[in-house]
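For reference, the structure discussed in these notes is given below.
The values are calculated or read from the model by the stated rules, or taken from the named source; none is laboratory data. Only a predicted model underlies this, so the values are computations on that prediction, with no experimental measurement involved. Counting neighbours? That spans all protein chains shown, and the Cβs are built from the backbone with ideal geometry, glycine included.
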Ligand SMILES: [Zn+2]
């Protein structure tokens, strides 16, 4: 089978049981080090529950990423711009980032916006988005060219996906394969993501579980230092400097609910 990222010939790496019933072949491309399910026909069955029941890390992951992204945007991007959490799930991340003072919006055709209602983003609007976030999304792509849809919205993307370890783990040795829910079908190594960045004339950076494609050139030492400071609490200072939107949004939404 041809690699869905670089087009080179990919070879069968292993067979695994998906949803406890389907024996599926996984292919690996030696050229760009991308591992993928050959023909994922079971996805509809997999997505009957959009956020799988075993995802106990949902809140702690969002808090962690909000802490890092707050600092990244403040120091490297136009902090007064508009931002989008693509495939934003229940709206947890959008709300957290608005609480930290950033004009964040939500979009997700497969989920209900529970926490950031009123801040939906219409992709067709073409409104300029300074930077887009996409957490735990890339591993769901049937075809990695789906990245192009994101790049059409913004050329700056911060995302998370677990990088494929080397050597490639056996099917029963890596929880991230998620064969029991069958939603993870694309696994990237650093080389795969570098390949995608080069193909799109973008720079690629990766640190502390976050990856980014961006037009900007970022000093890696500055990046690591700022992320370390973020973990130590720099995000709180940024929040004070930005001015939280928690109360402003409350006033805005109350007015919208009461036309008088
Ligand atoms: Zn490849």
Selection count, the stretch 115-127, where residues are part of a loop (DSSP other than H, G, I, E, B), on the phi < 0 side of the Ramachandran plot and touching a helix residue (DSSP H, G or I) at 6+ places or on another chain (Cβ under 8 Å) = 4
message = Looking at the structure I just gave you, is residue 101 away from the ligand (no atom under 16 Å from the Cβ), closer than 21 Å to residue 161 by Cβ and in contact with a helix residue (DSSP H, G or I) (Cβ under 6 Å, 6 or more places away or on another chain)?
response = no
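Taking helices (runs of 4 or more DSSP H) that do not extend beyond the stretch 190-244, which have at least 2 residues that are more than 27 Å from residue 95 (Cα to Cα)?
190-199, 220-229
So in the stretch 88-107, with the set limited to residues that are at pLDDT 95 or above and under 16 Å from residue 58 (Cα atoms), which one is nearest to the chain's Cα centre (by Cα)? First the steps, then the outcome.
The first filter runs over the stretch 88-107 and keeps only residues at pLDDT 95 or above, leaving 88, 91-107.
After this cut, where a residue has to be under 16 Å from residue 58 (Cα atoms) as well, the list is 88, 91-97.
Working: 88: 9, 91: 13, 92: 13, 93: 11, 94: 13, 95: 16, 96: 15, 97: 15 Å.
Restricting to residues being at pLDDT 95 or above and under 16 Å from residue 58 (Cα atoms), the top hit is 88.
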key: Residue among 34, 90, 47, 86 that alone is within 26 Å of residue 132 (Cα to Cα) and within 16 Å of the ligand (Cβ to nearest atom)   = 34
Residue match in the stretch 157-175 (condition: more than 15 Å from the chain's Cα centre (by Cα), part of a loop (DSSP other than H, G, I, E, B), in contact (Cβ under 8 Å) with a residue 40 or more places away in the chain and surrounded by 16 or more Cβ atoms within 10 Å (Cβ to Cβ)) = yes
query = Is it true that residue 33 is at pLDDT 95 or above, within 23 Å of residue 147 (Cβ to Cβ) and surrounded by fewer than 19 Cβ atoms within 10 Å (Cβ to Cβ)?
reply = no
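So, in the stretch 1-21, of the ones that are part of a loop (DSSP other than H, G, I, E, B) and in contact (Cβ under 8 Å) with a residue 40 or more places away in the chain, which residue ends up farthest from residue 161 (Cα to Cα)?
So the residue we want is 20.
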key: Residues of the stretch 84-108 satisfying the condition of being assigned to a loop (DSSP other than H, G, I, E, B) and within 18 Å of residue 159 (Cα to Cα)   = 87, 88, 89, 90, 91, 102, 108
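Let's see how each residue does on (1) part of a loop (DSSP other than H, G, I, E, B); (2) within 15 Å of the ligand (Cβ to nearest atom); (3) within 30 Å of residue 90 (Cα to Cα):
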position: 23; (1), (2), (3): no, no, no
position: 26; (1), (2), (3): no, yes, no
position: 56; (1), (2), (3): yes, no, yes
position: 75; (1), (2), (3): no, no, yes
note = If we ask which residues in the stretch 2-21 are on the phi > 0 side of the Ramachandran plot and either within 14 Å of the ligand (Cβ to nearest atom) or in contact with a helix residue (DSSP H, G or I) (Cβ under 7 Å, 6 or more places away or on another chain) (or both), their number turns out to be 2
remark   = Going through the stretch 176-194 in order, the residues found to be over 23 Å from residue 42 (Cα atoms) and surrounded by fewer than 22 Cβ atoms within 10 Å (Cβ to Cβ) are 189, 190, 191, 194
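So is residue 146 in contact (Cβ under 8 Å) with a residue 12 or more places away in the chain and out of contact with any helix residue (DSSP H, G or I) (no Cβ under 7 Å at 6 or more places or on another chain) or not?
Working: in contact (Cβ under 8 Å) with a residue 12 or more places away in the chain: no; out of contact with any helix residue (DSSP H, G or I) (no Cβ under 7 Å at 6 or more places or on another chain): yes.
Here the answer is no, as residue 146 does not meet what is asked.
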ask   = With respect to residue 61, is the statement that it is out of contact with any strand residue (DSSP E or B) (no Cβ under 6 Å at 6 or more places or on another chain), within 16 Å of the ligand (Cβ to nearest atom) and closer than 30 Å to residue 207 by Cβ true?
value = no
inquiry  = Can you tell me which condition residue 39 does not meet? The list is (1) within 16 Å of the ligand (Cβ to nearest atom); (2) on the phi < 0 side of the Ramachandran plot; (3) out of contact with any helix residue (DSSP H, G or I) (no Cβ under 9 Å at 6 or more places or on another chain), and all the others hold.
reply    = (1)
